[in-house]
Amino acid sequence: MTEQTVERRAIWYLLGFLAVVLAFVLSMALKGFTQQGFYVTLGAFLTLSILSFLYKDNIFYKMAEHLFVGVSAAYWMVMGFWSVMVPNLIGKIHPPAVKPFMPAIASQPASYWYLIPAVLGIMLLWRLMPKGAWIARWALAFIVGTTAGLNFIRYMASDLLGQINSSMVPLVVIQNGSLDIMTTISNLVLFLGVFCGLIYFFFSKEHKGVFGVGSKIGIWILMVTFGAGFGYTVMARISLLVGRFRFLFDDWLGLLK
Amino acid sequence: MRRQIPLLITLIVGAVLIIAAFIPRAPFGRLGENFSLYFDIIAVFAFLLGGGNLVRIHGARLVRGVGMAVTEAKKGGGAWPLRFVIEFPFLAFGGLKDRRGRDWFFSLITLLGFFAMLAAGLLKLGNPSGWQGNVTAPEGMFQDFYDSMFNPLQATMYALLAFFVASASYRAFRAKSAEATILLVTAFIILLGRTPAGAYVTAWMPESLSFLTVPNLANWVMAIPNLAGQRAIIIGIALGVIAMSLRVIIGIERTYLGSDEK
């Protein structure tokens, strides 16, 4: 780029920047320069910035994206601090320390066992240090061990045994002395669907012959599930989009009154 | 020591939690409960670690970028601060020649959002009930930031997917095979059945064939074949998770420990 081109681009950038600031101020003026007006304008600006990605990747989208990263990191930190750290850690190790924030738990007896997660937590933060990052492994090992132990039981009880148990349905349903055709068909589809779906996931035997037929039906059942999931996802996203447009046209511009 | 102790911790913690489920008596039952609470606390430290890492990376990028931008402004000679202010949008949005310093302004945005949200939440700024109030109380600055920044950004990010889903559905909905046709038909029934149009197009059907109306068909698809497929997937996932958990607890799976370099 020549010096002249750089200067020309710099001027265009400055004008664009000023135009955005002016639009923001104008929008706030329409809301009467109130605090609420500022927040609504900010929300609208960020909504439009994200939607601008539909044109192409641009600086407004990048700004909104980076802001989202910072804001969401801080949001989860704050939520974790006030909902776990203060009542379950500081409040357990030294209860009087939380009196200004949570007086209800300030009088409970101290439990020094909670020094264990405090020490492990500090060890985890050691990863930020230039040396000795391996110290964080102790805390990581605790997290991984807890996750493995809890998941082993949870998945065994609810997802494996629970789902198998729920799939054991009567394949011939008699209601008031006669065959209930609809429930019988539904139960057959349910039982065979689960069975054939599992056959499809069984890779230790070649999918040929009767086994292959079961596997094929399994694929069809899985396709129905994916189709239903797809349909629901489309509806959920469209409904979110409608919500954003409602915000823009109603809360911000006030056109839907 | 660097690998053995973490493996031992994983084994003890995992085994205690499994035993606690089968022998819910002292000391296992209590240990199981305590370990779950400890897990929550350490998970919050993991959030702090994430925040710290974010500040470290973006802080370094910001310092490097601002340094380069100032150097660039000084090249023009004369009153460089004035030049910096005038050329600010250009220097901030990709005007720097060196790629390493280009995105410094976006890092600044990340850090500003991070510290603003953090200060509003940790100090409970503007909270009507002061220090003792709930951090998410309405009218508090933290909740205002949530409503004006976090919520619009998150909702619009997900809403943006509606457009990409539309483009993906064009490709997916070309019935090239039996499987693709089943997917297409199911999605169509679900989409139509959950809208007033679904009831409208099959309203002419007689009472005896009411089970064939689109809303009823959609309900049946959701309750029976969809459920069957979901159960097959859930059972498959559960088997995988159980096997993986066992591998982790008995120390066969060690990838989470990383390498021995540091």
Checklist entry - Out of the residues in region B:173-209 that are of a type in the set (Gly, Ala, Ser) and open to solvent by 40 Å² or more (accessible area, probe 1.4 Å), which is nearest to A:Ile219 (Cα to Cα)? => result B:Ala178
Checklist entry - Just for region B:88-118: of the residues that are of a type in the set (Lys, Arg) and out of contact with any Gly (no Cβ under 6 Å at 6 or more places or on another chain), which one is nearest to the other protein chains (Cβ to nearest Cβ)? => result B:Lys97
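Take the conditions small (Gly, Ala, Ser) and open to solvent by less than 30 Å² (accessible area, probe 1.4 Å) and apply them to A:Ala29. Does it pass? Before the answer, list the steps.
Working: small (Gly, Ala, Ser): yes; open to solvent by less than 30 Å² (accessible area, probe 1.4 Å): no.
Against the criterion (small (Gly, Ala, Ser) and open to solvent by less than 30 Å² (accessible area, probe 1.4 Å)), A:Ala29 does not qualify.
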Checklist entry - So A:Gly121 fits all but one of (1) surrounded by fewer than 21 Cβ atoms within 10 Å (Cβ to Cβ); (2) in contact (Cβ under 8 Å) with a residue 12 or more places away in the chain; what number is the exception? => result (1)
Next on the checklist: I'd like the residue in region A:181-200 that is among the hydroxyl-bearing types (Ser, Thr, Tyr) and more than 34 Å from the chain's Cα centre (by Cα) and, out of all such residues, is farthest from B:Trp220 (Cα to Cα).
Outcome noted: A:Thr184
Item to check | Residues satisfying the stated conditions in region A:114-162, i.e. of a type outside the set (D, E, K, R), more than 7 Å from every other protein chain (Cβ to nearest Cβ) and either in contact with a helix residue (DSSP H, G or I) (Cβ under 6 Å, 6 or more places away or on another chain) or more than 21 Å from B:Ile19 (Cα to Cα) (or both) | outcome: A:Tyr114, A:Leu115, A:Ala118, A:Val119, A:Ile122, A:Met123, A:Trp126, A:Met129, A:Pro130, A:Gly132, A:Ile135, A:Ala136
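Residue check: is B:Gly126 modelled with pLDDT of 90 or more and not in a helix (DSSP H, G or I)? Talk me through it step by step, then tell me what you get.
Numbers: modelled with pLDDT of 90 or more: yes; not in a helix (DSSP H, G or I): yes.
Criteria met by B:Gly126.
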Checklist entry - Residues in region B:203-262 that are in a loop (DSSP other than H, G, I, E, B), facing another protein chain (nearest Cβ under 7 Å) and not β-branched (Val, Ile, Thr): how many? => result 1
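Give region A:224-243 a look and list any residue that's more than 7 Å from chain B (Cβ to nearest Cβ) and within 13 Å of B:Leu161 (Cβ to Cβ), or say none.
As a first pass, look at region A:224-243 and keep what is more than 7 Å from chain B (Cβ to nearest Cβ): A:229, A:236, A:239, A:242.
Listed by number, the residues that qualify are A:Ala236, A:Ser239.
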Checklist entry - Tell me, which helices (runs of 4 or more DSSP H) wholly within region B:1-100 include 1 or more residues that are surrounded by fewer than 16 Cβ atoms within 10 Å (Cβ to Cβ) and touching a helix residue (DSSP H, G or I) at 6+ places or on another chain (Cβ under 9 Å)? => result B:4-22, B:28-75, B:80-86
Checklist entry - Scanning region B:125-148 for residues that are at the interface with chain A (Cβ under 10 Å from one of its Cβ atoms) and open to solvent by less than 20 Å² (accessible area, probe 1.4 Å), which turns out farthest from the chain's Cα centre (by Cα)? => result B:Gly133
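Tell me whether region A:62-70 contains one or more residues that are basic (Lys, Arg) and either at the interface with another protein chain (Cβ under 7 Å from one of its Cβ atoms) or buried (at least 19 other Cβ atoms within 10 Å of the Cβ) (or both). So that I can check it myself, show each step before the final result.
So in region A:62-70, the residues basic (Lys, Arg) come out as A:62.
Okay, now just the ones that are also either at the interface with another protein chain (Cβ under 7 Å from one of its Cβ atoms) or buried (at least 19 other Cβ atoms within 10 Å of the Cβ) (or both), so A:62.
Taking every residue of region A:62-70 in turn, at least one turns out to be basic (Lys, Arg) and either at the interface with another protein chain (Cβ under 7 Å from one of its Cβ atoms) or buried (at least 19 other Cβ atoms within 10 Å of the Cβ) (or both).
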Next on the checklist: Just to be sure before I move on: is A:Ala136 under 30 Å from B:Gly130 (Cα atoms) and free of Cβ contacts under 8 Å to residues at least 24 places away in the same chain in the structure I sent?
Outcome noted: no
Checklist outcome for this item: Within region A:74-98, restricting to residues that are open to solvent by 30 Å² or more (accessible area, probe 1.4 Å) and aliphatic (A, V, I, L, M), the one that is farthest from the other protein chains (Cβ to nearest Cβ) is A:Ala97
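The values are calculated or read from the model by the stated rules, or taken from the named source; none is laboratory data. Here the structure is a predicted model, which means the values were calculated and not measured. Every residue, glycine among them, receives a Cβ derived from its backbone with ideal geometry; neighbour counts consider all protein chains shown. SASA here: full protein model, heavy atoms, side chains in, ligands and nucleic acids out. Shrake-Rupley method; radii C 1.70, N 1.55, O 1.52, S 1.80 Å.
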